[in-house]
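The values are calculated or read from the model by the stated rules, or taken from the named source; none is laboratory data. Being a predicted model, the structure only gives us computed values, none of them experimental. Here the Cβ is made from the backbone with ideal geometry for all residues, glycine too, and neighbour counts use every protein chain on show.
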Amino acid sequence: MNLVSISSKADSDQITQQIKDQGHEGSAFWTSGTKLGDNITWLWMGNGRPVSFTNWAPGQPDNLNHYTESCINIFSNDMVWGPNTAQKWNDIRCSRELNIICEESLIEYEYCST
Ligand SMILES: [Ca+2]
């Protein structure tokens, strides 16, 4: 199991729906998104791929707190963060304690002929 990686709007919509269906809209969640490598490039730690699709909340990523926000979380709907932020992404300190969303690993094989 890995922290979730979100590669498309369909992935993002599915995760948002699952959060709502399970009654966790009031909770914030970790994803595997991080820029800890070079503090510039966002990657999904779960699968090693670049972050291409994004679902940032308005004004995010803002790298608040002296450039220490290097991980991606999903906002709750508690309206602390303003309108149109529910279940959108935020850059946040990687040391925060939040709920997690995991996914099963997808192992990809390449077949070679001999
Ligand atoms: Ca932020």
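Go through the range 9-48 residue by residue and tally those that are surrounded by 12 or more Cβ atoms within 10 Å (Cβ to Cβ) and of a type in the set (D, E, K, R).
Adding up the residues that qualify gives 5.
Among what's in the range 55-79 and is on the phi > 0 side of the Ramachandran plot and in a loop (DSSP other than H, G, I, E, B), pick the residue that is surrounded by the most Cβ atoms within 10 Å (Cβ to Cβ).
So the first thing to find is which residues in the range 55-79 are on the phi > 0 side of the Ramachandran plot, and the list is 59, 63, 65-67, 79.
Those still in the list that are in a loop (DSSP other than H, G, I, E, B) too: 59, 63, 79.
Values: 59: 11, 63: 13, 79: 10.
Filtering first and then ranking leaves 63.
Take the range 28-48 and flag every residue that is at pLDDT 95 or above, among the small types (Gly, Ala, Ser) and in a loop (DSSP other than H, G, I, E, B).
Within the range 28-48, 28 is the sole residue that qualifies.
Out of 99, 55, 63, report the one residue that is within 23 Å of residue 40 (Cα to Cα) and under 12 Å from the mean Cα position of the chain (by Cα). Explain how you work it out, then say what you get.
Details: 99 fails: within 23 Å of residue 40 (Cα to Cα); 63 fails: under 12 Å from the mean Cα position of the chain (by Cα).
That would be 55, the only listed residue that is within 23 Å of residue 40 (Cα to Cα) and under 12 Å from the mean Cα position of the chain (by Cα).
Can you find, within the range 88-114, the residue that is farthest from the ligand (Cβ to nearest atom) among those that are among the charged types (D, E, K, R) and surrounded by 15 or more Cβ atoms within 10 Å (Cβ to Cβ)? Explain how you work it out, then say what you get.
Going through the range 88-114, the residues among the charged types (D, E, K, R) turn out to be 88, 91, 93, 96-97, 103-104, 108, 110.
Narrowing further to those that are surrounded by 15 or more Cβ atoms within 10 Å (Cβ to Cβ): 88, 91, 103.
Values: 88: 11, 91: 4, 103: 23 Å.
The residue in question is 103.
For the range 59-74, does any single residue satisfy the condition of being more than 16 Å from the ligand (Cβ to nearest atom) and under 21 Å from residue 3 (Cβ atoms)? Please lay out each step first, then the result.
First pass over the range 59-74, keeping only residues more than 16 Å from the ligand (Cβ to nearest atom): none.
No, the range 59-74 contains no residue that is more than 16 Å from the ligand (Cβ to nearest atom) and under 21 Å from residue 3 (Cβ atoms).
Please find, within the range 88-111, the residue that is modelled with the lowest pLDDT out of those that are in a strand (DSSP E or B) and of a type in the set (Asp, Glu).
First, the residues of the range 88-111 that are in a strand (DSSP E or B): 89-93, 99-100, 102-103.
From what is left, the residues that are of a type in the set (Asp, Glu) are 91, 103.
Working: 91: 97, 103: 91.
Result: 103.
Go through (1) of a type in the set (S, T, N, Q); (2) more than 12 Å from the ligand (Cβ to nearest atom); (3) over 12 Å from the mean Cα position of the chain (by Cα); (4) modelled with pLDDT of 80 or more one by one and return the number of the condition residue 85 breaks.
Of everything listed in (1) of a type in the set (S, T, N, Q); (2) more than 12 Å from the ligand (Cβ to nearest atom); (3) over 12 Å from the mean Cα position of the chain (by Cα); (4) modelled with pLDDT of 80 or more, residue 85 misses just condition (2).
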